[in-house]
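In what follows, a single structure is set out as C-alpha cells and then discussed.
The values are calculated or read from the model by the stated rules, or taken from the named source; none is laboratory data. Since we're looking at a predicted model, the values are computed, not measured. Glycine also receives a Cβ, built like all others from the backbone with ideal geometry; neighbour counts cover every protein chain displayed.
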C-alpha cells in the first residue's frame with residue numbers, strides 16, 4: 001500500500017496542478033463572455049419579460065459575445081498550450097503558469113501572447129453562439145417544474161369585473177391573501193394600547209395626578 005501511494009502521488013500532484021492552472025485560464029473567458037452575452041440580449045436586441053428573442057438573435061448575440069472573449073483570452077490559451085506540449089530538445093521547459101508567462105514575455109515579447117488570435121475567434125465565436133442558442137431554445141422547450149410561476153413577469157389572472165389584472169400571479173396571490181386576512185380581522189398587525197385601568201398601579205397614580 002505505501003509503495004502504491006508513492007507511485008501514484010506524482011501523477012495526482014501533476015493532475016491537480018494542471019486542473020488548477022486550467023481553471024485560472026478558463027475563468028477570464030467566462031467573466032468576459034457571459035456578461036457581454038447578457039448585455040447584448042437586453043440592450044442590443046431588446047429582450048424583456050414580454051419580448052422573447054428568436055433563434056437567429058440568440059445565435060448572433062452568442063457569436064458576437066464570443067469575439068472579444070476569445071481574442072482577449074488568447075494569452076491564456078497560448079500559455080495553456082505551451083504547458084500541455086512536451087518540450088523538445090533545445091526548447092524551454094516551463095515549470096508552471098507564472099514561469100511560462102514570464103519566459104514568453106522575455107524571449108518573444110507581447111506579440112507571442114496573441115498568436116492565433118483571429119483563428120481562435122473563427123473557432124470559438126460560432127461554437128459558443130450555437131451552444132448558447134441551443135441552451136436557450138431547450139430551456140424554453142423543456143422548462144423546469146414550477147418555473148412558470150417564478151418568471152419575471154409571472155402569469156396574469158383575471159380581475160373582478162370587466163377589467164383584467166395585469167400584475168404577476170405571485171403578487172396577485174399575496175394581495176388576495178392579505179385581503180382575506182383583513183376581512184377576518186381589520187386590526188391585525190396594529191399595536192393596541194391598553195386601557196388606563198389595565199395599566200400598572202404606579203402608572204395609574206401618575207395618570208390620576
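With out of contact with any strand residue (DSSP E or B) (no Cβ under 7 Å at 6 or more places or on another chain), assigned to a helix (DSSP H, G or I) and either closer than 18 Å to residue 41 by Cβ or in contact (Cβ under 8 Å) with a residue 24 or more places away in the chain (or both) as the only criterion, which of 70, 119 stands out?
Working: 119 fails: either closer than 18 Å to residue 41 by Cβ or in contact (Cβ under 8 Å) with a residue 24 or more places away in the chain (or both).
Answer to the check: 70.
Does residue 77 count as assigned to a helix (DSSP H, G or I), at pLDDT below 80 and surrounded by 17 or more Cβ atoms within 10 Å (Cβ to Cβ)?
Values: assigned to a helix (DSSP H, G or I): yes; at pLDDT below 80: no; surrounded by 17 or more Cβ atoms within 10 Å (Cβ to Cβ): yes.
No; evaluated as a whole, the condition is false for this residue.
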**Request:** Search region 85-102 for residues being in contact with a helix residue (DSSP H, G or I) (Cβ under 8 Å, 6 or more places away or on another chain) and part of a helix (DSSP H, G or I), and hand back the single one that is surrounded by the most Cβ atoms within 10 Å (Cβ to Cβ).
**Result:** 100
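Just to be sure, is residue 49 in the same structural domain as residue 128 (by TED's automatic domain parsing) and surrounded by 14 or more Cβ atoms within 10 Å (Cβ to Cβ)? First the steps, then the outcome.
Numbers: in the same structural domain as residue 128 (by TED's automatic domain parsing): yes; surrounded by 14 or more Cβ atoms within 10 Å (Cβ to Cβ): no.
Taking the combined requirement at face value, the residue does not satisfy it.
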